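Inspection log for the structure reproduced underneath, given as structure tokens.
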Amino acid sequence: MAAFFGFHMPSFTFPGVPHNKLFDRVVENAKAAEKAGFDLVTVMDHFYQIRGIGPETEPMMEAYTTLAAVATQTSRVKLGTLVTGVTYRNPALLAKEVTTLDVISRGRAILGIGAAWNEDEHKGYGIEFPPIKERMDRLDEAVTIARLMFTEERPSFAGKHYRIERVLNVPRPIQPGGPKILIGGGGERRTLRILAEHGDIGHWFGGNLEDLKRKKKVFEEHCAAVNRDPSEILLTVGLPLVLAENEKEAKAIVEGLHPERRAMAMIVSVAQGAEVIGQYMEAGFGGFTLNNNIFSTRESIALAGELIKAVRGSAVPA
């Protein structure tokens, strides 16, 4: 299987670009990512900028409005959030929004979802922020509802936190079986269990390869417990690779990162980056996400495209 690449846009801050031109730059980057060979373009589902990327006062556009608009300007890449917080929307409404995105994009939507964590924006927007156990319970029910609405004509469901009653979801999703469900997060007791039961794609936000291998074993144990073949689920990882054509350029990119990201950055050539990704692929990871806070221009995205070509050219057919 060829490696799957996602271009993630956690930042809408572009030096010298005024707010009334932000979306133009988002479209430019999304088109560049599509041309470079990325398979997926994602945005965060946040209302404030998050720590590790920048100050919370940086601009942050609403996710699904942005994705729907990007859908009209692209033709091949899949589109989704990395990831929607389960607390932000009624899950039936969320399933409707993702279905609408699937229709607008002609079958390119993905539902990315997780348990939510940013308490500050919950407080700011007046959104309830229950304890983690309840958020995990809500996540389990939410993906159950989404799958029902993607695959059945008039489903009903009654859970502890959410219910639907012969709900309509018309127009139906374009993709057979509905959009794929991506579960974000690596919590070993509940999140990986929900991924094993309900997910098509799992996304882990980086980490040491040995730690990820151990986490993968835990995930496979959950799959065995629910009688699911783990090979049915694509495991993806966010990688802090910094590609640069020279040392000066690399230094400038790294210095522009948030200190937390700066400490994790891996400065590599295209060949070195392909070697790193090859190690993850040998360990059973098939998807890789690169961020626009590192790859922020058409030129840097094109360089990432060279990495994608190098990885796919060196992959051994399954």
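Can you name every residue in segment 11-41 that is at pLDDT 95 or above and part of a loop (DSSP other than H, G, I, E, B)?
Gly37, Phe38, Asp39, listed by residue number.
Being in contact with an Asp or Glu (Cβ under 8 Å, 6 or more places away or on another chain) and closer than 22 Å to Phe38 by Cβ is the filter; apply it to segment 88-113 and report the residue that is surrounded by the most Cβ atoms within 10 Å (Cβ to Cβ).
This residue is Ala109.
In the set Gly85, Gly52, which member is surrounded by fewer than 16 Cβ atoms within 10 Å (Cβ to Cβ) and either within 23 Å of Gly114 (Cα to Cα) or touching a strand residue (DSSP E or B) at 6+ places or on another chain (Cβ under 8 Å) (or both)?
Values: Gly85 fails: surrounded by fewer than 16 Cβ atoms within 10 Å (Cβ to Cβ).
Criteria check complete, one pass: Gly52.
Given the condition within 20 Å of Arg135 (Cα to Cα) and either without any contact (Cβ under 8 Å) to a residue 40 or more places away in the chain or surrounded by 20 or more Cβ atoms within 10 Å (Cβ to Cβ) (or both), answer yes or no: does some residue in segment 220-242 qualify?
The answer is yes; a qualifying residue exists.
Under 7 Å between Cβ atoms, at least 6 apart or on separate chains: pull out the pairs that start in segment 181-195 with a residue that is without any contact (Cβ under 8 Å) to a residue 60 or more places away in the chain and end on any residue that is buried (at least 20 other Cβ atoms within 10 Å of the Cβ) and among the aromatic types (Phe, Trp, Tyr).
From residues that are without any contact (Cβ under 8 Å) to a residue 60 or more places away in the chain, the pairs are Gly186/Trp204; Leu192/Phe219; Leu195/Phe219.
Among the residues that make up segment 199-208, is at least one of them farther than 24 Å from Ser156 by Cβ and touching a His at 6+ places or on another chain (Cβ under 9 Å)?
No; the residues of segment 199-208 include none that is farther than 24 Å from Ser156 by Cβ and touching a His at 6+ places or on another chain (Cβ under 9 Å).
Answer yes if at least one residue in segment 186-193 is at pLDDT 95 or above, in contact with an Asp or Glu (Cβ under 7 Å, 6 or more places away or on another chain) and more than 27 Å from Ile104 (Cα to Cα), and no otherwise.
Taking every residue of segment 186-193 in turn, none turns out to be at pLDDT 95 or above, in contact with an Asp or Glu (Cβ under 7 Å, 6 or more places away or on another chain) and more than 27 Å from Ile104 (Cα to Cα).
Tell me whether segment 201-215 contains one or more residues that are under 20 Å from Thr100 (Cβ atoms) and of a type outside the set (D, E, K, R).
Within segment 201-215, not a single residue is under 20 Å from Thr100 (Cβ atoms) and of a type outside the set (D, E, K, R).
Tell me yes or no: at least one residue of segment 22-30 is of a type outside the set (A, V, I, L, M) and farther than 18 Å from Leu290 by Cα.
Within segment 22-30, one or more residues are of a type outside the set (A, V, I, L, M) and farther than 18 Å from Leu290 by Cα.
Quick grid of which residues meet (1) of a type outside the set (A, V, I, L, M, F, W, C); (2) under 23 Å from the mean Cα position of the chain (by Cα):
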position	(1), (2)
Glu153	yes, no
Leu168	no, no
Pro171	yes, no
Arg189	yes, yes
Ser231	yes, yes
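Which residues, taken from segment 42-85, are part of a strand (DSSP E or B) and touching a Leu at 6+ places or on another chain (Cβ under 6 Å)?
Thr42, Lys78, Leu79, listed by residue number.
Within segment 134-141, is even one residue part of a strand (DSSP E or B) and under 20 Å from the mean Cα position of the chain (by Cα)?
Initially, segment 134-141 is screened for residues part of a strand (DSSP E or B), giving none.
Scanning segment 134-141, I find no residue that is part of a strand (DSSP E or B) and under 20 Å from the mean Cα position of the chain (by Cα), so the answer is no.
Identify all residues within segment 86-110 that are farther than 20 Å from Gly184 by Cα and assigned to a strand (DSSP E or B); write none if there are none.
Residues satisfying the conditions do not exist here.
Under 8 Å by Cβ, and 6 or more places apart or on different chains, what pairs join a residue from segment 47-75 that is in contact (Cβ under 8 Å) with a residue 60 or more places away in the chain and hydrophobic (A, V, I, L, M, F, W, C) with one that is outside any loop (DSSP other than H, G, I, E, B) and surrounded by fewer than 18 Cβ atoms within 10 Å (Cβ to Cβ)?
Close Cβ pairs satisfying both conditions: Phe47/Gly124; Phe47/Tyr125.
So, in segment 156-185, how many residues would count as being at pLDDT 95 or above, over 21 Å from Val77 (Cβ atoms) and assigned to a loop (DSSP other than H, G, I, E, B)?
13
Would you point out the residue of segment 194-219, among those that are surrounded by fewer than 20 Cβ atoms within 10 Å (Cβ to Cβ) and in a loop (DSSP other than H, G, I, E, B), that is modelled with the highest pLDDT?
By that ranking, first place goes to Asp200.
Is there a residue in segment 28-43 that is without any contact (Cβ under 8 Å) to a residue 12 or more places away in the chain and surrounded by fewer than 16 Cβ atoms within 10 Å (Cβ to Cβ)?
no
Any idea which of Ile194, Ile174, Ile183 is in contact with a strand residue (DSSP E or B) (Cβ under 7 Å, 6 or more places away or on another chain), among the hydrophobic types (A, V, I, L, M, F, W, C) and more than 18 Å from Gly238 (Cβ to Cβ)? Talk me through it step by step, then tell me what you get.
Values: Ile174 fails: in contact with a strand residue (DSSP E or B) (Cβ under 7 Å, 6 or more places away or on another chain); Ile183 fails: more than 18 Å from Gly238 (Cβ to Cβ).
Just one listed residue meets the conditions, Ile194.
The values are calculated or read from the model by the stated rules, or taken from the named source; none is laboratory data. None of the values given here were measured: they were computed from a predicted structure. For neighbour counting, all protein chains shown are included, and Cβ atoms are generated from backbone atoms with ideal geometry for every residue, glycine included.
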